[in-house]
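Since the structure comes first, as structure tokens, the remarks are kept for the end.
The values are calculated or read from the model by the stated rules, or taken from the named source; none is laboratory data. Keep in mind that this is a model prediction, so the values were computed, not measured. Methodologically, a virtual Cβ is constructed for each residue, glycine included, from the backbone with ideal geometry; neighbour enumeration extends over all protein chains shown. Please note that ligands, DNA and RNA were not included when accessible areas were found on the heavy atoms of the full protein model with its side chains. Shrake-Rupley method; radii C 1.70, N 1.55, O 1.52, S 1.80 Å.
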Amino acid sequence: MTKRTSLVVTLLVAVGVILVTLVVLSIAMATLRYIDSTRHAGFTSIPQQLPQTDVMIRINQVNAILAPLEAIFSSAPDDASRLIRNALLIGLSSIALLSIGTCLLLVRLVGARSARLASQLRKSEERLTLGFVGSGAGLWDWDICSDSVYYSPWISELLGYEEGSLDNTPAAFIELMHPDDRAACKEATALHLSVSARYDVAFRLKTGDAGYLWCRSRGQVVRDDSGTPVRMVGTLTDISDLKAAEALAFSEKELAQVALAAIADAVITTDIAGNITYCNRVAEALLGRPIASLRNRPLALACRIFSETSGQQISDLVGPSIDGIDYPDLEDTLLLHALDGRIIPIDHSVAPIRNFSGTIIGAVVVLHDVSEGRQHAAELTYQANHDALTGVLNRRAFESQLTTLIRTAIPQQPLAVLYLDLDQFKVVNDTCGHAAGDELISQISMILQQNVRAGDLLARLGGDEFGIVLMDCDDSDAIRIAEQLRASVASIRFAWTGQYFAVGVSVGMVAVTHDGSTLKEVMKSADAACYMAKEKGRNRVHVYRADDVELTVRHHEMTWIARIKDALERDRFCLYTQAIVSLQNGAVAGDKHVEILLRMLGDDDQPIAPMAFIPAAERYGLMTQIDRWVIRNTFNLLARPGIGIRTCAINLSGSSIDDDHFFAYLLEQQRLHQVEWSMLCFEITETAAIASLSRAAALIHRLRDLGCRFALDDFGTGMSSFSYLKHLPVDYLKIDGSFVKDMLTNPTDRAMVDAINNIGHVMGKQTIAEFVENDAILACLRAMGVDYAQGFGGVGEPEPLVLACVVDPS
């Protein structure tokens, strides 16, 4: 019990005591009045029959006796009455004062309680108001009986209306809703009123600026004792930001879904337990099951992955990532065993999925089917290592494998190298054309493949030359096999359009010793032996021996290498230019386009054609030095004022493409001579580009980034020309002259020229026809739409570059 309650009880007890005292005093006063009346009655009842004298005497006696008593009794009621009256006055006064004090105290207590309750009410209202404002909510109160609604001021402010301007009827509120939302709101209200279903609806309300605002309303019905709804109270919340966030999230989700569906890789997400939660269509196709059968299935069961090298299954692909451990890179290719039985080589990546707090909640796995890439890489590797015409190894692959064999050779497994050169190929090629020559090469290749042993290496080294490495073969066996090969080739009679040709082959053989020989020495010796076979009458086998006098003479006769080196040291080379002219309208006047040609000066200072020394330079590794000489001197002449050349084409050899320092040399020469990069167009042959495809592509990209252009020379001579063209970003295709020179008489050559021109244009490249020897070919090329032409008879003869640098006086 509180102190205030105790005080009130005490006051009530005091009032009760006072009331009891008043009752007692009232009884005492009534008793006194009764005694007084009895006394007077006693005196009046004295007998009247006594004689008067006696009576008087008796009366006097009695009066004398009773006088004091009467005085006493007469004053006693008065005193008692006075005392009682005084006591009553004092008591009543005390009661009055006490009542007044009690009333004052009660009034004070009631006032204090009222003030306290009012303060609490204000604080409660303030909390409620702040709560609504802070939560972005307004209060509404629907009196169902009167069908009127109260809206808190915040709702009017939220919707952009003046306070009190909202109509207080439910029908008016429904009119503010977006038409598409009204039915759902009415249905939710009806369900809540009928069965007390949860009332929580979202809708759009019209604002004062005629727009719409997304709001959320929650409410609770109040029922009377009979269960009849009499009132419904709720809140209205602004959820426009939430809806905007939901729309953005939905848009981002849709974007992610579309991106994942469009991506070419299989994307799979898992939960923290490693169960599949999502996969795109590529993943469905890769795993061989639809998403419905994959969802919630352990990834390890749906996606069985094995190491191609070890054959062991990767049982937990996502576990390390979920545990926060970086997954180790696997060097070997992985194999996916799909549920439909397919085995697919893949690359993969795994990354954890984190929530907003950074906690890992799953993982995303990306699987890339490398089947096509592996097949394409195998095709590229095959094409890079095999001759396009015959399908046997090319020179690059042959020399690479032979280098390894030489380095690892042991005496117990002797090796022999055969160098074969067809004897009558030039006759066939010149008489019947390149098509006949290609057919002859193909037939010879088939014969050689049928006669070499399993495990031996066979390669086409170029033109009509073949190379063979005989494994684990001593000299006598090597000579026997070489004779068999020669006899097999000599036994055929090549037929072409009614003409028959006898074919022979000269074979040079060298045994690989274990004295530290190099590839260059072995190939040089085999080539020299082959040359001696030709010198001795062709169609024979010649074995290289270090003490062979004839070969020694042959080596001395091979003076080209010494002459080339001397020309490099003494600047015994000179530069020529040959014009490349535009065949189409719109050519800019003065836009001079030339190709740089190289000549060597003989002892008589007469120019020597490049085909006399370039093969020897290529064979003995001098082409890089020659290319550098050409670039250095060409840049020096182009730097002269008034050069008049807009585009200068410079040939690059395969050796320069493979030279890691060649690009730096180009940069140095450009810095020294300040030649504009845009003037330069570098030409590489199709054969050189294919032999070093990746290096060629890299060099082309680097130089094109500087502003240079590139031309692919002798295009069309390979069987896979168009396939490689996709990987070489060149600007010009130089149609091989072997097709151009006979295009007027050979429909096949004409079709090839037309096809190369059309495909080149489709790929955004310009075309240049070589060997344009007359005006008739020139006109035909112009009609085909070929962009440029180059040749001796039809376009222009080569002229020294020094003369080309002279400014035209006009």
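What do you reckon, is Leu725 more than 30 Å from Ala776 (Cβ to Cβ) and either touching a Phe, Trp or Tyr at 6+ places or on another chain (Cβ under 9 Å) or open to solvent by 30 Å² or more (accessible area, probe 1.4 Å) (or both)?
no
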Study note, to complete from the structure: By residue number, the members of region 460-487 that are open to solvent by 30 Å² or more (accessible area, probe 1.4 Å) and touching a Gly at 6+ places or on another chain (Cβ under 6 Å) are Met471
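Which ones in region 760-781 are outside any strand (DSSP E or B) and touching a helix residue (DSSP H, G or I) at 6+ places or on another chain (Cβ under 6 Å)?
Within region 760-781, Glu770, Phe771, Val772 meet the criteria.
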Practice item. Collect the residues in region 379-390 that are open to solvent by 60 Å² or more (accessible area, probe 1.4 Å) and farther than 29 Å from Lys524 by Cβ, keeping them in residue-number order. Key: Glu379
**Study point:** Residues (farther than 19 Å from His727 by Cα and either buried (at least 18 other Cβ atoms within 10 Å of the Cβ) or touching a Pro at 6+ places or on another chain (Cβ under 8 Å) (or both)) located in region 671-695
**Key:** Val675, Leu680
Practice item. Taking only region 412-459 into account, find how many residues are among the charged types (D, E, K, R) and open to solvent by 60 Å² or more (accessible area, probe 1.4 Å). Key: 5
Review point. Does Leu109 meet the test of being part of a helix (DSSP H, G or I) and either touching a helix residue (DSSP H, G or I) at 6+ places or on another chain (Cβ under 8 Å) or within 26 Å of Ala210 (Cα to Cα) (or both)?
Key: yes
Practice item. Inspect all residues belonging to region 782-790 and state whether any of them is among the hydrophobic types (A, V, I, L, M, F, W, C), free of Cβ contacts under 8 Å to residues at least 40 places away in the same chain and either part of a helix (DSSP H, G or I) or open to solvent by less than 30 Å² (accessible area, probe 1.4 Å) (or both). Key: yes
Point to revise | Residue selected from region 150-186 under the condition open to solvent by less than 50 Å² (accessible area, probe 1.4 Å), out of contact with any Ser or Thr (no Cβ under 7 Å at 6 or more places or on another chain) and outside any helix (DSSP H, G or I), by the criterion nearest to Thr228 (Cα to Cα) | key: Tyr151
Exercise for review: Within region 546-567, work out how many residues are open to solvent by 30 Å² or more (accessible area, probe 1.4 Å) and either modelled with pLDDT of 85 or more or in contact with a strand residue (DSSP E or B) (Cβ under 8 Å, 6 or more places away or on another chain) (or both).
Suggested key: 3
Exercise for review: Determine if region 417-434 includes at least one residue that is more than 30 Å from Tyr724 (Cβ to Cβ), touching a residue at least 24 places away in the same chain (Cβ under 8 Å) and part of a helix (DSSP H, G or I).
Suggested key: yes
Review point. Among the residues of region 413-434 satisfying the criterion of being under 22 Å from Gln499 (Cβ atoms) and among the hydrophobic types (A, V, I, L, M, F, W, C), which is modelled with the highest pLDDT?
Key: Leu422
Review point. Among the residues of region 124-138, is any open to solvent by less than 90 Å² (accessible area, probe 1.4 Å), in contact with a strand residue (DSSP E or B) (Cβ under 8 Å, 6 or more places away or on another chain) and either farther than 21 Å from Gln220 by Cα or modelled with pLDDT of 80 or more (or both)?
Key: yes
Exercise for review: For Gly227, state whether it is open to solvent by less than 60 Å² (accessible area, probe 1.4 Å) and without any contact (Cβ under 8 Å) to a residue 24 or more places away in the chain.
Suggested key: yes
Point to revise | Residues satisfying the stated conditions in region 745-781, i.e. open to solvent by 60 Å² or more (accessible area, probe 1.4 Å) and touching a Cys at 6+ places or on another chain (Cβ under 9 Å) | key: Arg750
Exercise for review: Determine if region 243-251 includes at least one residue that is in contact with a strand residue (DSSP E or B) (Cβ under 9 Å, 6 or more places away or on another chain) and farther than 28 Å from Ser321 by Cβ.
Suggested key: yes
Check your understanding: In the list Arg374, Arg396, which residue meets the criterion of being of a type in the set (D, E, K, R), in contact (Cβ under 8 Å) with a residue 24 or more places away in the chain, under 30 Å from Gly516 (Cβ atoms) and assigned to a helix (DSSP H, G or I)?
Key -> Arg396
Point to revise | Enumeration of residues in region 446-469 that are among the small types (Gly, Ala, Ser), at pLDDT 95 or above and over 48 Å from the mean Cα position of the chain (by Cα) | key: Gly467
Practice item. Considering only residues that are in contact (Cβ under 8 Å) with a residue 60 or more places away in the chain and either open to solvent by 60 Å² or more (accessible area, probe 1.4 Å) or part of a helix (DSSP H, G or I) (or both), look in region 337-371 and name the one that is farthest from Ala273 (Cα to Cα). Key: Asp369
Exercise for review: Might you let me know whether region 711-724 holds any residue that is part of a loop (DSSP other than H, G, I, E, B), of a type in the set (Ser, Thr, Tyr) and over 20 Å from Gly791 (Cβ atoms)?
Suggested key: yes
Exercise for review: Consider Ser315 carefully, then state whether it is under 17 Å from Val370 (Cβ atoms), small (Gly, Ala, Ser) and either at pLDDT below 85 or open to solvent by 40 Å² or more (accessible area, probe 1.4 Å) (or both).
Suggested key: no
Check your understanding: In region 604-632, what residues are within 48 Å of the chain's Cα centre (by Cα) and polar (S, T, N, Q)?
Key -> Thr624, Gln625
Study note, to complete from the structure: Of the residues in region 588-624, those that are closer than 21 Å to Phe771 by Cα, in a loop (DSSP other than H, G, I, E, B) and open to solvent by 60 Å² or more (accessible area, probe 1.4 Å) come to Lys592
Check your understanding: Somewhere in region 391-400, is a residue modelled with pLDDT of 90 or more, open to solvent by 20 Å² or more (accessible area, probe 1.4 Å) and over 19 Å from Met523 (Cα atoms)?
Key -> yes
Revision key, fill the gap. Of the residues in region 190-205, those that are open to solvent by less than 30 Å² (accessible area, probe 1.4 Å) and part of a helix (DSSP H, G or I) come to His192
Review point. How many residues does region 631-667 contain that are among the hydroxyl-bearing types (Ser, Thr, Tyr), within 24 Å of Arg619 (Cα to Cα) and either open to solvent by less than 20 Å² (accessible area, probe 1.4 Å) or not in a helix (DSSP H, G or I) (or both)?
Key: 2
Exercise for review: Could you grab me the full set of residues in region 243-279 that are open to solvent by 60 Å² or more (accessible area, probe 1.4 Å), over 19 Å from Ser315 (Cα atoms) and assigned to a loop (DSSP other than H, G, I, E, B)?
Suggested key: Ile263, Ala264
Review point. Could you count how many residues in region 668-691 are closer than 21 Å to Leu622 by Cα, assigned to a helix (DSSP H, G or I) and at pLDDT 90 or above?
Key: 2
